[in-house]
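> First the structure, then my questions, so here it is.
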Amino acid sequence: MLVRDIMTRKVVTVTPDTQLEEARRLMRRGRFRHLPVLEAERVVAVLTDRDIARVLGDAVDGAAGEPRRPVREAMSGPVVTVTVFDPIEDAARIMEERDIGCLPVIEDGKLAGIVTESDLFHVLVWLMGLTEPGTRLELRVGRLTDVLPRVVDVLCTSRAPLHSFLVGPARPTEPRRILLRVGTIHPAPLIAALRQVPGVEVVEPLPAA
Amino acid sequence: MTADGACFAWNPAILDYNFGAQHPLDPMRLRAFLDLLEDAGLLAPDDPRRLTTTLATRDELELVHRPAYVDAVQKLSEGPPYDEALAELYGFGSDDNPAFEGMHQAAAAIVGASLAAARAVAEGACGHAFSPGGGLHHALPERASGFCIYNDIAVAIADLVHRREWKVLYVDFDAHHGDGVQAAFYDDPRVLTFSIHETGRHLFPGTGFLREMGVGAGLGYAVNMPVSAFTTDDSWVEAVEAILPGLAARFQPDIIVSQHGCDGHAWDPLSHLRLTTSAFARAAQLVHELAHDYCDGRWLALGGGGYDVLGVVPRAWTLVWAEVAHQPRPETVPEPWRDRWQVFATDPLPARFLDDPAEVVPPIPRDPEIVDENRGKVAMVREFAFPGLLRTAFPWPGQDRPRWPEQRPAAQSRTERVDTAKGPAFLRDLAPPSLVARLDIDPGMRAFMRRPDREHKLLINIAGLPDTNLTIAHTPEGVIVGHVSMTEAEGRWAPVPRLYEVAIEIAAGWRRTHLASHLLRFVTSADYVEDYILVALGYTWHWDLDGSGLNAFQYRTMLSRLFAKYGFDVQPTDDPEIMGSETNVLLARVGSRVPYDVYETFHNRLFRRAAWAF
């Protein structure tokens with residue numbers, strides 16, 4: 001998946017000369033927290049709600065009579081961007097490492113959209129199958145290469161729709177886990193079949209700790 | 001049939017709702033149930049309380065379902081060979097909901113019965129109605145899900161809302177989250193959905209977590225209580241009793257629609273709960289009481305899940321019908337019935353309607369932890385689901401609140417006269433219940449109970465409680481036009497000594513007269529408040545926005561400014577309920593003599609980083 005598949009395309013922007021009050025109103029109306037700042041069609045910064053609060057204070061409405069101040073005084077640069085062809089995991093990693101909540105997306109040198117934390121959460125929720133009603137199953141497995149063919153075979157034989165199948169890298173201190181979301185209210189037959197696979201433990205709630 | 005009587009909505013075509021021999025949802029459960037009703041002498045074959053019902057029409061189904069979905073169900077209903085691609089697209093591609101011949105008619109018969117029951121109640125033909133074939137709460141607008149093809153509950157509620165603009169309280173006792181009904185009305189403040197179910201952590205449909213509270217105008221109108229796996233009767237009933245009455249009081253519904261899925265029973269193969277028929281009977285009884293308290297008795301009860309076909313379902317729903325029909329709970333399961341049905345059962349059929357949990361449920365080593373987990377969640381639900389004043393008025397017997405003897409102000413009641421644009425008003429703190437009872441109440445006093453007469457009762461009740469301080473504003477003619485209450489905080493705040501929760505109300509006609517300012521100044525001018533922390537929790541969905549003419553942002557600003565004048569500051573918090581809406585606000589006033597360690601305890605509670613992933 002690429003950034004262009006998940007980015008928000010309709011982007012509200014401001015310029016360095018926009019009044020901060022106006023920027024704040026745009027954020028409230030649109031219910032978002034980031035505004036790309038454009039100067040001659042180039043992204044020069046991202047203005048955040050925190051930038052505005054730092055300059056204007058936390059008041060819900062600005063006190064009357066204060067001098068008007070432009071975005072230029074609150075914005076901080078330089079701005080980190082990605083392109084439409086970057087994989088989403090790269091965008092996520094940049095945001096995680098730099099501790100930022102939003103990346104402008106560039107195509108042919110111009111702003112094509114933004115990708116925010118919310119966009120990435122939507123992908124995570126979707127990837128984990130949470131948009132579909134289903135039962136969550138967690139498997140602790142031995143050597144992945146040994147058990148995977150048998151697990152896949154059981155899943156394919158069962159007619160329960162598979163909404164999500166996730167497996168991460170191995171960690172030295174923990175058993176490997178497979179996270180499943182299957183679209184059934186009656187997973188007992190599937191669980192019984194998975195239990196038959198050597199090296200697979202199905203995590204289920206137990207009356208004893 | 002009479003207005004206080006009961007109706008039984010049934011159609012023999014419902015027995016054709018059958019996904020096949022190996023499927024857990026076996027129509028035998030309904031056959032055995034109907035048979036038991038007769039044997040128990042609760043419903044005769046020619047009983048006048050039986051409603052004649054028909055199949056729901058396309059228009060009725062389309063109140064909830066998309067036309068393309070109804071088309072697909074009708075097409076698949078013609079029988080094999082099935083269009084596999086079509087079946088898969090609309091949720092009929094799995095063993096949960098395999099397509100079967102005649103399924104449209106069978107599913108429409110269920111919807112028709114629930115609709116007939118809803119209309120009988122709406123039109124006053126009867127007070128309560130039971131549609132035992134209904135309760136298919138998982139069906140989605142364009143997909144079959146969790147054994148449910150058409151969502152009879154959502155159709156019936158939509159019909160009530162369309163025809164009457166009624167406020168509907170939906171209560172779902174099934175072991176599984178009532179996701180389809182919640183989704184159908186997620187943004188609608190006229191339908192409050194409450195579902196208590198096993199947490200979605202290990203159970204279908206994997207939703208129904210505490211944070212699901214509604215969206216848009218419906219924020220605060222979806223309430224979920226996910227209990228832990230292996231929850232037993234006492235803890236489950238405690239949760240229901242701690243939440244439902246306060247919810248009904250806050251919402252003041254015109255009708256209650258309840259789903260009585262009994263798959264939380266210890267014997268049921270599809271959930272991990274360990275409940276018994278005793279808990280189900282108590283739940284039905286409580287809904288019944290609330291229907292009479294708030295809805296002139298209007299109550300629509302429905303069936304639901306239940307996969308111990310003979311051991312549980314017939315008894316559980318016979319108990320529901322006894323409640324609906326105002327008949328005493330039957331005690332012994334008639335022997336002829338047991339003889340007749342025992343041959344189809346693998347285990348001996350129980351002899352009594354009400355189970356004794358000690359006999360039915362094997363000991364659960366983790367039980368004390370489960371009880372604690374559930375209590376923690378109940379506290380969170382109570383905090384966001386209804387205002388503090390209602391938490392005080394509907395106390396929660398299960399919670400041991402640490403009492404702080406030094407907390408009660410030993411001060412004398414004070415009075416003051418203030419002049420406002422509407423004329424003079426008297427303020428009185430530590431108001432005794434006898435005074436509150438003698439006074440009348442302004443018709444514009446309805447913020448908490450939605451009706452002035454009930455608001456008056458609430459204030460009398462609050463005034464009489466230990467450890468509360470009710471300050472009222474009344475006119476010289478003896479009419480209450482405002483109040484500020486200080487009540488002992490519970491749940492998350494209970495461990496903080498010297499902490500009171502503050503609520504304020506001004507009669508609709510007395511707003512913009514500065515009465516609120518007068519009241520807050522008067523309350524905070526008492527010397528004893530310097531020993532306490534006063535907290536005001538502002539939840540958008542508790543505010544009377546219509547009455548104030550303000551939007552939520554303006555209301556928050558108004559509230560914050562008003563309280564700021566009397567030493568209340570907006571507190572930053574990571575409280576998930578407060579963070580649930582950006583217009584929610586937590587205001588606190590820390591008295592000048594509050595010791596530092598108390599302040600610190602309070603401050604730590606603001607940032608609890610609670611685990612919400614139950």
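> Work from the charge dipole of the protein assembly as shown (Cβ charges, +1 for Lys and Arg, -1 for Asp and Glu, about the Cα centre) and give the residue of B:36, B:7, B:420 farthest towards its positive end.
Among B:36, B:7, B:420, the one farthest towards the positive end of the dipole of the protein assembly as shown is B:420.
> Within 10 Å of each Cβ in A:182-194, how many Cβ atoms from other chains are there, averaged over the peptide? Walk me through the intermediate numbers first.
Details: counts 3, 11, 8, 19, 12, 5, 3, 2, 1, 0, 0, 0, 0.
Averaged over the peptide's residues, the number is 5.
> Could you tell me the distance between the Cα centroids of the range B:300-371 and the range B:137-179, to the nearest Å?
Cα centroid to Cα centroid, the span is 25 Å.
> Per-residue HN-Hα couplings for the range B:62-78, Karplus 6.51 cos²θ - 1.76 cosθ + 1.60 at θ = phi - 60°, whole Hz, x for Gly and Pro?
Each residue of the range B:62-78 in turn: 6, 4, 10, 9, 6, x, 5, 5, 4, 4, 5, 4, 4, 5, 5, 5, 5 Hz.
> What does DSSP give for chain B in terms of the percent of beta bridges that are antiparallel, rounded to the nearest 5?
Details: 34 of 71 bridges.
Bridges in chain B that DSSP calls antiparallel: roughly 50 percent.
> Which value, in debye to the nearest 20, gives the size of the charge dipole of the protein assembly as shown about its Cα centre, when Lys and Arg are +1 and Asp and Glu are -1 at the Cβ? Working shown, then result.
Numbers: 83 positive and 111 negative charges, 433 e Å.
With only Lys, Arg, Asp and Glu charged at Cβ, the dipole is about 2080 debye.
> Can I ask one more? Hey, any idea what Rg/Rh is for the range A:128-203, computing Rh the Kirkwood way over Cα pairs?
Numbers: Rg = 11.9 Å, Rh = 12.6 Å.
My calculation of the ratio gives 0.94.
> Restricting attention to chain B, give the cysteines that have no other cysteine Cβ less than 4.7 angstrom from their Cβ.
B:148, B:262, B:295
> Could you state the number of Å between the C-alpha centres of the range B:204-264 and the range B:9-77?
26
> Rg(Cα) of the range B:1-145 divided by 2.2 N^0.38 Å? List each step's numbers first, then the result.
Working: Rg = 16.3 Å, N = 145, 2.2 N^0.38 = 14.6 Å.
Expressed relative to 2.2 N^0.38 Å, the Cα Rg reads 1.12.
> Share of Cα-Cα pairs in chain A beyond 32 Å, in percent? Kindly include the intermediate steps, with their values, before the conclusion.
Values: 9000 of 21736 pairs.
Every Cα pair in chain A considered, those over 32 Å come to 41 percent.
> What per residue convex hull volume, in Å³, comes out for the range B:6-355 when only alpha-carbon positions are used? All intermediate terms of the calculation are to be shown ahead of the outcome.
Numbers: hull volume 42.9 nm³, N = 350.
Taking only Cα atoms, the range B:6-355 has a hull volume of 123 Å³ per residue.
> Among B:201-210, B:309-318, A:12-21, A:143-152, how do they line up from the highest to the lowest mean number of other beta-carbon atoms within 10 Å? Please report the intermediate quantities before stating the final value.
Numbers: B:201-210: 21.5, B:309-318: 27.1, A:12-21: 16.2, A:143-152: 13.9.
Order by mean packing, descending: B:309-318, B:201-210, A:12-21, A:143-152.
> Using a 10 Å cut-off around each Cβ, can you sort B:142, B:165 from fewest to most neighbouring Cβ atoms? List each step's numbers first, then the result.
Values: B:142 16, B:165 9.
Fewest to most other Cβ atoms nearby, the residues stand as B:165, B:142.
> Residue by residue, what Karplus-based ³J(HN,Hα) values in Hz, rounded to whole numbers, does the range B:25-30 have, using 6.51, -1.76 and 1.60 with θ = phi - 60° and x for Gly and Pro?
7, 10, x, 4, 4, 6
> For peptide B:415-421, compute the average count of partner chain beta-carbon atoms within 10 Å of each residue's beta-carbon. Before the final figure, lay out the partial values.
On the way: counts 0, 0, 0, 0, 0, 0, 0.
Neighbouring Cβ atoms belonging to other protein chains average 0 per residue here.
> Enumerate the calculated ³J(HN,Hα) couplings along the range B:299-311 in order (Karplus 6.51 cos²θ - 1.76 cosθ + 1.60, θ = phi - 60°), each rounded to whole Hz, writing x wherever the residue is Gly or Pro.
With coefficients 6.51, -1.76 and 1.60, one gets 8, 10, 9, 10, x, x, x, x, 10, 8, 4, 10, x Hz.
> At a Förster radius of 60 Å, what calculated FRET efficiency corresponds to the Cβ-Cβ distance of residue B:331 and residue B:85, to the nearest 0.05? Display every interim value, and only then the final one.
Details: r = 53 Å, r/R0 = 0.89.
Step by step, r from the Cβ atoms, then E = 0.65.
> Across the range A:3-117, how large is the tail of the calculated P(r) beyond 21 Å, expressed as a percent of all Cα pairs?
Numbers: 2368 of 6555 pairs.
In whole percent, the long-distance tail amounts to 36.
> Name the residue from B:202, B:248, B:227 whose Cα lies farthest towards the positive end of the charge dipole of the range B:163-274, charges +1 on Cβ of Lys and Arg and -1 on Cβ of Asp and Glu.
B:248
> Could you list log10 I(q)/I(0) for the range B:277-421 at q = 0.08, 0.09, 0.10, 0.22 Å⁻¹, which the Debye formula gives when each Cα is one point scatterer?
Result of the Debye calculation: -0.42, -0.51, -0.60, -1.39.
> Could I ask something else about it? Give, as a single signed number, the net charge of other residues whose beta carbon lies under 15 Å from the beta carbon of residue B:18, with Lys and Arg counted +1 and Asp and Glu -1. Walk me through the numbers on the way to the answer.
Numbers: positive: B:29, B:31; negative: B:16, B:26, B:95, B:96, B:101.
It works out to a net charge of -3.
> So if I average 1/r over every pair of distinct C-alpha atoms in the protein assembly as shown and take the inverse, what Kirkwood radius in Å does that give? Please report the intermediate quantities before stating the final value.
Values: mean 1/r = 0.0340 Å⁻¹.
Computed over the protein assembly as shown, the radius equals 29.4 Å.
> Note down the magnitude of the dipole of the range B:6-355 about its Cα centre, charges +1 on Lys and Arg C-beta and -1 on Asp and Glu C-beta and zero elsewhere, to the nearest 20 debye. Kindly include the intermediate steps, with their values, before the conclusion.
On the way: 24 positive and 47 negative charges, 115 e Å.
Dipole about the Cα centre, nearest 20: 560 debye.
> Could you give the Stokes-Einstein D for the range B:334-395 in µm² per second, using the C-alpha Kirkwood radius, 10 °C, 1.306 mPa s?
Working: Rh = 15.9 Å.
Answer from the Stokes-Einstein relation: 100 µm²/s.
> Treating cross-link reach as a plain straight distance, find the lysines whose alpha-carbon is under 21 Å from the alpha-carbon of residue A:10, omitting any fewer than eight places away in the same chain.
List returned: A:110.
> Could you put B:500, B:566, B:596 in order, starting from the residue whose Cβ has the fewest other Cβ atoms within 10 Å?
On the way: B:500 23, B:566 18, B:596 7.
So the residues, fewest neighbours to most, are B:596, B:566, B:500.
> With +1 on the Cβ of every Lys and Arg and -1 on the Cβ of every Asp and Glu, and nothing else charged, how large is the dipole of the range B:59-120 about its Cα centre, in debye rounded to the nearest 20? Show your work: numbers first, answer last.
Numbers: 3 positive and 11 negative charges, 61 e Å.
In total the dipole reaches around 300 debye.
> Taking every pair of alpha-carbon atoms in chain B, what share in percent sits in each 10 Å bin, from 0 to the bin with the longest distance?
3, 16, 25, 23, 16, 10, 5, 1, 0
> Another question, if that's okay. Ranking B:453, B:159 by Cβ neighbours within 10 Å, fewest first, what do you get?
Numbers: B:453 12, B:159 20.
Listed from fewest to most nearby Cβ atoms, that is B:453, B:159.
> Going by average Cβ density within 10 Å per residue, which order do the peptides B:535-544, B:490-499 take, highest to lowest?
On the way: B:535-544: 21.4, B:490-499: 18.8.
Averaged packing, sorted descending, gives the order B:535-544, B:490-499.
> Per-residue Cβ counts within 10 Å, from other chains only, averaged over A:123-130: what number is that?
The per-residue average across the peptide is 1.
> May I pose another question? Excluding residues on the same chain fewer than 8 positions from residue B:457, give the aspartates and glutamates whose Cα lies under 12 Å from its Cα.
Once the sequence-local aspartates and glutamates are set aside, what remains near residue B:457 is B:440.
> Give the residue from B:606, B:69, B:177 lying farthest towards the positive end of the charge dipole for chain B; charges sit on Cβ (+1 for Lys and Arg, -1 for Asp and Glu) and the dipole is referred to the Cα centre.
Farthest towards the positive pole: B:606.
Every read-out reported here was derived from the displayed coordinates using simple, explicitly stated rules and does not represent laboratory data. The structure displayed is predicted, hence computed values, not measured ones. With ideal geometry, Cβ positions are generated from the backbone for all residues, glycine too; neighbour counts draw on all protein chains shown.
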